[in-house]
């Protein structure tokens with residue numbers, strides 16, 4: 001599937017749904033994440049441990065993607081570098097990422113210090129194809145690269161609020177962009 005940035009998030013979620021079904025049969029895994037370090041051309045970063053309940057899935061439009069079935073949640077880390085159209089403010093990048101959603105209700109949106117720069121952290125509810133979803137999103141720029149971190153889950157009144165996002169936020173906090181990338 002080819003996705004434009006403006007519609008990327010909706011497309012990625014659709015791909016993640018398909019990937020969850022196919023992941024076991026196709027052997028999807030963490031092949032590009034070794035020892036907590038990811039390298040692929042211009043993209044290079046380190047992350048801490050992936051929670052045991054997250055299962056890696058392959059999604060064409062994401063750098064790393066995971067599924068947490070116990071919380072009916074999908075986790076995405078997307079990185080891209082050296083694209084002229086990405087030189088925009090964090091709030092605009094966040095808005096572009098969320099295109100395709102409707103009925104957005106932002107609980108919080110703050111700029112926070114992150115890996116020596118700033119990141120936009122947004123917690124919200126929105127509908128995707130008419131289905132209500134909870135979102136925890138970080139957007140971060142460094143060294144001509146943009147990193148999107150997205151946690152999305154179906155609302156669940158039986159689940160303790162923030163139970164999945166705490167693990168996600170620890171995962172995001174462990175992130176560090178590495179220098180020495182190849183252009």
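The values are calculated or read from the model by the stated rules, or taken from the named source; none is laboratory data. Every value quoted in this text rests on a predicted model; they were computed, and no experiment measured them. Backbone-built Cβ (ideal geometry, glycine too); neighbour counts: all protein chains shown.
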Filter result for residue 46 (free of Cβ contacts under 8 Å to residues at least 40 places away in the same chain, under 15 Å from residue 176 (Cβ atoms) and touching a strand residue (DSSP E or B) at 6+ places or on another chain (Cβ under 9 Å))
no
Meets criteria (free of Cβ contacts under 8 Å to residues at least 12 places away in the same chain, surrounded by fewer than 16 Cβ atoms within 10 Å (Cβ to Cβ) and not in a loop (DSSP other than H, G, I, E, B)) for residue 52
no
Among the numbered criteria (1) out of contact with any strand residue (DSSP E or B) (no Cβ under 8 Å at 6 or more places or on another chain); (2) farther than 16 Å from residue 165 by Cβ; (3) surrounded by fewer than 12 Cβ atoms within 10 Å (Cβ to Cβ), which one does residue 116 miss?
(1)
Against the condition assigned to a loop (DSSP other than H, G, I, E, B) and surrounded by 20 or more Cβ atoms within 10 Å (Cβ to Cβ), how does residue 59 come out, does it pass?
yes
If I ask for residues that are at pLDDT 90 or above and assigned to a strand (DSSP E or B), which ones from segment 30-42 would you list?
37, 38
Determine which member of the set 84, 127, 142 is surrounded by fewer than 20 Cβ atoms within 10 Å (Cβ to Cβ) and under 30 Å from residue 52 (Cβ atoms).
142
